[in-house]
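Read the figures in this text as sums done on the coordinates, not as results from a lab. Please read all numbers here as calculations on a predicted model, not as lab measurements. Note that each Cβ is placed from the backbone with ideal geometry, even for glycine, and that neighbours are counted across all protein chains shown.
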Amino acid sequence: CTSIVAEDDKGNLLHGRNLDFGLFMGWDVKNKSWIISEKLKPLVVNLDFKRNNQTVFKSTNFAGYVGMLTGIKPHTFTLTMNERFSLDGGYIGILEWILGQRDGMWMSFLTRSVLENANSYEEAKTRLATTKLLAPAYFILGGNQTGQGCIITRSRTLSIDLLEIDLKLNRWYVLETNYDHWEQPLFLDDRRTPAMKCMNQVTQKNISLKTMYDILSTKPVLNKLTTYTTLMQVSTGNLESYIRDCPNPCMPW
Amino acid sequence: SAQFVPPFTEDCRSHMYPPNGPTFRGAVAWYTVDLDLPPSKRWNTLIADKKTDLVTMIQAIRDLADAFVPSGRLVELVDVTLPLMANTLPDPFSEEIKGIAAVSGIPLGEVVLFNIFYEVFTV
């Protein structure tokens, strides 16, 4: 996965993501594609969650999955999550759950609860940073005011790091793939460098949902695992998604 | 030239928007989820529409499990134990997942597995 929150030179917060899933879950040699990724693509839907006929939040989901991986609380905040790998992983959280220790939250139920109930970027940030989880994760959060964009790096029990947009440091965007931002990504799976190269080439002056889509369409940020691309703009409450393909030659991940 | 050797890193794309061409498979349909409905009813419309695709996807995961454990015991384990897990999940998720299983006809354990896949997959 690749998630980006960027602030343009007019103070608009833009949030884009590629949802990559299905690694090592069966390769279709004939079609040069991942079996599960291909089966997920027809399930991609945009959802408008309403209460009293008013939109509470919107999301891009796989039908049948009740948690959230990509969502927007219009005019308030935008949220995506990327997978984080750690030896202290989800299987430990599941074992604890089975043994009756149930003070942690399932990751996608937390994101759903935050989108449904949090009413500000700060409130969302606090809940995502402090709630105990069953598995590690990256939460990428965008707000509705200047400087409100961050990557929350989570272990199961701790908030390990928070990286925020900081215009004074000329950090006008934050970008997360699936590696701790203070570490080098696995050389075989470096989607961060090409994505940052393209962001820096576009510049803050020209960043928009359109140019963000260009970056999310550049290989290997776009790869054989990419099921959908979502673009969100909190100020307009706009969420748009597109089902993707990656024509050969294309990285498997 | 960089494009034709791994990791096939392209020059930064431009003018890809509005989405078109070989990297764009299609637009995404919109559905409303009415949070005023009982949790077990909220997903009915969507699941009724996507039932076939969901069954196909679950079957692919079942085939994958059988590839690892040809005896079928792994799928059996999922179908027997994960429904118990459903009752331990916090509401409204437990009821929503049961509603999805009821409408789709997919065994409850397999719908639970689909919904906790993030934690399971870290294994």
Could you list, in their original order, any pairs among A:LYS41/A:LYS197; A:LYS10/A:LYS132; A:LYS132/A:LYS205; A:LYS10/A:LYS58 whose Cα atoms are separated by more than 32 Å?
-> A:LYS10/A:LYS132; A:LYS132/A:LYS205
Length gain on complete extension for the stretch A:GLN54 to A:ARG102, per 0.36 nm per residue less the alpha carbon to alpha carbon distance?
-> 14.0 nm
Among A:THR236, A:THR78, A:THR153, the residue with the largest mean-square fluctuation in a Gaussian network model of chain A built from Cα contacts under 10 Å is A:THR236
Extension gain B:HIS15-B:ASP91, at 0.36 nm per residue separation less the Cα-Cα distance, in nm?
-> 22.9 nm
Counting only residues 5 or more places away or on other chains, whose amide H sits under 5 Å from the amide H of A:TRP27 once H atoms are built in the peptide plane?
-> A:ILE35
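Averaged over its residues, how many other protein chain Cβ atoms are within 10 Å of peptide B:28-39's Cβ atoms? Display every interim value, and only then the final one.
Working: counts 15, 6, 7, 7, 7, 12, 6, 8, 4, 1, 0, 1.
Mean shielding by partner chains, rounded to a whole number: 6.
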Rule-of-thumb Rg ratio for chain B [Cα; 2.2 N^0.38 Å; N residues] | 1.40
Highest GNM mean-square fluctuation, chain B, Cα pairs closer than 10 Å: which of B:ALA27, B:ALA101, B:ALA67?
-> B:ALA27
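For segment A:124-222, just say rounded, prolate or oblate: build the C-alpha gyration tensor, square-root its eigenvalues into a ≥ b ≥ c, call rounded for a/c under 1.5, and beyond that prolate if a/b exceeds b/c, oblate if not.
It comes out oblate by the Cα gyration axes.
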